[in-house]
């Protein structure tokens, strides 16, 4: 129980790694179908720019794959290092080869 008046900080990054909601949430899977992640918020606070961001990503990744059809990780996924932070999670680097 959280006492009344105590501050609470939530982390979307942690919510997006809930194994009860997401299959293999810590695995990078570019073929993963749409899922209920919270990256663009939720409900009334859902990001108005989400459709544009998704379109931009689709265009960017389509162009990248067309330009570099043999693009792949240069190291095994187990060797990737993640930045540590309370609210944002990201890779230190993403080595690729083509």
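Tallying residues that are surrounded by 11 or more Cβ atoms within 10 Å (Cβ to Cβ), within 15 Å of the chain's Cα centre (by Cα) and not in a loop (DSSP other than H, G, I, E, B) within region 71-98 yields 1.
Scanning region 18-70 for residues that are surrounded by fewer than 11 Cβ atoms within 10 Å (Cβ to Cβ), on the phi > 0 side of the Ramachandran plot and modelled with pLDDT under 90 yields a count of 1.
The condition of being without any contact (Cβ under 8 Å) to a residue 40 or more places away in the chain and closer than 25 Å to residue 76 by Cβ holds for only one of 56, 19, 34, that being 19. Could you please find all residues in region 65-98 being out of contact with any strand residue (DSSP E or B) (no Cβ under 9 Å at 6 or more places or on another chain) and farther than 23 Å from residue 17 by Cα? Within region 65-98, 65, 66, 67, 69 qualify.
The values are calculated or read from the model by the stated rules, or taken from the named source; none is laboratory data. All values reported here derive from a predicted model rather than from experimental measurement. Using ideal geometry, Cβ is built from the backbone for each residue, glycine included, and neighbour counts are taken over all protein chains shown.
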